[in-house]
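Structure, as structure tokens:
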Amino acid sequence: MRRIIVWFRRDLRLADNPALLAALDEDAEILPAWIDTRDDEGDWPPGEASQWWLHHSLEALGNALGRRGSRLIVRGGPAMAAIRDLVAETGADAVFWNRLYEPHAVARDSEIKRWLNDQDLTVRSFSASLLVEPWRVATDADKPYRVFSPFWRKAKKQIAARPPTAAPDTLRGPSDWPASLSLADLKLLPTMDWADGFGSHWTPGEAGGHAALEQFIEAALGEYATAREVPAVAGSSKLSPHLHFGELSPDQVWSAVASHLPVAGNDAEHYLRELGWREFAHHVLYHFPETPSRPLNDRYADFPWRKDHGDMLGAWQQGRTGLPIVDAGMRQLWQTGWMHNRVRMIVASLLVKNIRAPWQAGAHWFWDTLVDADLASNTLGWQWAAGCGADAAPYFRIFNPVRQGEKFDAQGSYVRRWVPELAKMPDKWIHQPWAAPEKVLAQAGITLGRDYPRPVIDLARSRDEALTALKALST
Ligand SMILES: Cc1cc2nc3c(=O)[nH]c(=O)nc-3n(C[C@H](O)[C@H](O)[C@H](O)COP(=O)(O)OP(=O)(O)OC[C@H]3O[C@@H](n4cnc5c(N)ncnc54)[C@H](O)[C@@H]3O)c2cc1C
């Protein structure tokens, strides 16, 4: 009987999983495996919040396999050694996996593919985490895209309406299972207790992903286009970690949302376009693999970052900048592992443009604290905010956190939720307590510098300084 190793990576699902499906199509015993590749992942092994998610997602996958008469074989890395050992121990004659697009993964997988080919073993890889492979979309001059809209116009035409496949009822395994590490051996859970609260916000795993998708479609899709901009309401899908870990396939999400196009036209269309940004992020990372650390636009490598930004970076990380919408976002991130997209843009703009800390410092903090930390999307988001990446914000766009707060959190509900010390501030002053009259502050029980910080930066002056520096680069 043939034996196929199905190597699970960031496709932690049984439904709509092409590598698994292909293995099921063969008359073979299936060996589902997961390898701890943290040491293979260069500068970007999963951060602490991602590891929390991974632990629970692997647990869910192991249980789902167990219910089907199978199991998850967990091995330590590096991946090449683990695959060699597994092949030797099990006599497997094939290895199947779904593709990843990060530069380190592409290099590693190519090497493993070569080795398997050299051994005359079958190796097959599949597309499972993108709607369109990054190399299938190119400009008319056969170049990668750097701007979203034309990319999306072309990419969209290639999306085949493919009905997602269901999870198998059973999986045939060997009678002699190879050894496996336990999940606890991997020590994925943070040693500090800061992630303990995440469990009340998230259900990692395939079932949790489907529940979140259904809940979003039922409760929020119909108003997505407007509600997605309001951080105080649950207006977006929060599917980003489920998509990142492949608990849901983009095809599953696409087809579920697209089936509502007749009733939720504009909103559903808008949502599908956001999935397009995810595709674009992967396209850019695939074609410009140096961008996690270097600006896409070389000119910005010379940007004069402020040398003494250390304390302000610390205040930003802790949600103690004295700028309420920024602090609310950074505390939401710390407490839940996620931050609203609008607020991500605001906090990123403050860090790179007003504080003038390098965008890479912000990207690293997000990398460690986001449950949806994704090299492609995080790099795109930070380079966008810094103005140095693909489809970047024009250099003169510097978000004013006060105006942004007044516009998108007019009643201050988001700030009140995450910065409770400001709960009693009236709407008029909640986004700029430092400008409020003494009497108002006293009535709200706030002494600035004691109960809530004064702003770490002068918004107007730092804006002018950034504009001068940016203008010099852009000419
Ligand atoms: C500085 C910065 C850093 C970011 N870092 C990440 C990151 O590490 N991981 C990540 O998944 N997203 C990142 N984003 C993009 C975006 O903020 C999140 O995808 C979104 O907030 C996730 O929430 P949601 O699932 O409710 O989104 P929804 O509004 O429900 O969107 C649906 C899906 O579309 C995708 N999507 C939406 N917007 C974007 C976008 N701008 N870029 C790429 N994909 C998008 C996500 O997969 C998302 O789940 C970042 C944005 C910024 C400005």
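Computed from the coordinates by the stated procedures, all read-outs in this text should not be read as laboratory data. Just so we're clear, the structure is a prediction, and the values are computed from it rather than from any experiment.
List of remarks:
- Estimated at 0.36 nm per residue, the fully extended path between Lys428 and Asp120 surpasses their Cα-Cα distance by 103.8 nm.
- Cα-Cα pairs of the stretch 355-421 separated by more than 15 Å (percent): 64 percent
- For the stretch 2-127, the ratio of Cα radius of gyration to the globular rule of thumb 2.2 N^0.38 Å stands at 1.00.
- Inter-centroid distance (Cα atoms) of the stretch 20-56 relative to the stretch 188-262, Å: 21 Å
- Altogether, the Stokes-Einstein calculation at 4 °C and 1.567 mPa s, with the Kirkwood radius of the chain over Cα pairs as Rh, returns a diffusion coefficient of 54 µm²/s.
- Geometric descriptor of the stretch 102-214, per residue, is 261 Å³ (volume of the convex hull of the Cα atoms).
- Length-normalised contact order for the chain - Cα pairs under 8 Å, 6+ apart - percent: 17 percent
- In order along the stretch 27-44, phi translates into HN-Hα couplings of 8, 8, 7, 10, 10, x, 9, 10, 10, 6, 9, 4, 7, 8, 9, x, 7, 10 Hz, rounded to whole numbers, per the Karplus curve 6.51 cos²θ - 1.76 cosθ + 1.60 with θ = phi - 60° and x for Gly and Pro.
- For the stretch 368-473, alpha-carbon Rg over 2.2 N^0.38 Å: 1.31
- Projection of the Cα convex hull of the stretch 291-354, averaged over all directions and equal to a quarter of that hull's surface, yields 5.0 nm².
- Our summary gives the stretch 2-127 a relative contact order of 35 percent, counting only alpha carbon pairs under 8 angstrom and 6 or more residues apart.
- Estimated translational D of the stretch 196-293 in µm²/s (Stokes, Kirkwood radius over Cα pairs; 37 °C; 0.692 mPa s): 227 µm²/s
- Using every pair of distinct Cα positions in the stretch 1-76, the Kirkwood expression returns a hydrodynamic radius of 13.4 angstrom.
- Per-bin percent of Cα-Cα distances, the stretch 298-474 [10 Å]: 10, 40, 35, 13, 2, 0
- Shape call, the stretch 275-326: gyration tensor on alpha carbons, a/c limit 1.5: oblate
- Candidate cross-link partners of Lys424 among the lysines, defined by an alpha-carbon separation under 17 Å and a same-chain spacing of 8 or more, comprise Lys439.
- Its relative contact order, with pairs defined as Cα atoms under 8 Å and 6+ residues apart, puts the stretch 298-474 at 27 percent.
- Three-way shape label, the stretch 185-228, alpha-carbon gyration tensor, a/c 1.5: prolate
- Residue-averaged [θ]222 nm for the chain, counting only DSSP H segments that reach four residues, each worth -39500 (n - 2.57): -13500 deg cm²/dmol
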